[in-house]
Amino acid sequence: MRRNIFSAISIFLLMIAFFMFGDDSSIWYGSFFKFLYDLSIFTPFILGGLGVISAILGIKGDIRMILIVLNAFLMFLFLGAYLIGVYGFQNP
């Protein structure tokens, strides 16, 4: 039973991080993601790390592997976006 809860937490954190990647502040849930970004710019990394940890503790088998890969892939996407934002848009 405990493994099911950890897998559900991992899926929930994956969905939150996924919606943060495609954030649009004009939609009805945009204020929630704006609040998450206001907490810290590293919030998606924290959510992804917690998602990977809870996936490791979750259901064994293919579900565990898929959740770990998806959470890690989304963290790499955020890393690329942050590196482009920090270093790519500097004035010459």
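The values are calculated or read from the model by the stated rules, or taken from the named source; none is laboratory data. Note that the coordinates shown come from a computational prediction; the quantities given were computed from them, not determined experimentally. Note: ideal-geometry Cβ built from the backbone for every residue, glycine included; neighbour counts use all protein chains shown. To get the accessible areas, we keep the full protein, side chains included, count just its heavy atoms, and leave off ligands, DNA and RNA. Shrake-Rupley method; radii C 1.70, N 1.55, O 1.52, S 1.80 Å.
If you wrap the stretch 47-92 in the convex hull of its Cα atoms and look at it from every side, the mean projected area works out to 3.0 nm². Rounded to the nearest 10 degrees, the inclination of helix 2-21 to the longest alpha-carbon principal axis of the chain is 20 degrees.
Ranking 20, 15 by solvent-accessible area of protein heavy atoms (1.4 Å probe, all protein chains present), from largest to smallest, gives 15, 20. Restricting the chymotrypsin sites (Phe, Trp or Tyr not before Pro) of the stretch 34-92 to loop positions (DSSP other than H, G, I, E, B) with no more than 15 neighbouring Cβ atoms within 10 Å leaves 42, 89.
Over the C-alpha atoms of the chain, the Rg to Rh ratio, Rh being the Kirkwood estimate, stands at 1.05.
Write down the accessible area per residue of the chain in Å², having rolled a 1.4 Å probe over the full set of protein chains. Could the numbers behind the result be given before it?
On the way: 6390 Å² over 92 residues.
Per-residue accessible area for the chain comes out at 69 Å².
The share of accessible area on the chain that comes from carbon and sulfur is 75 percent, using a 1.4 angstrom probe.
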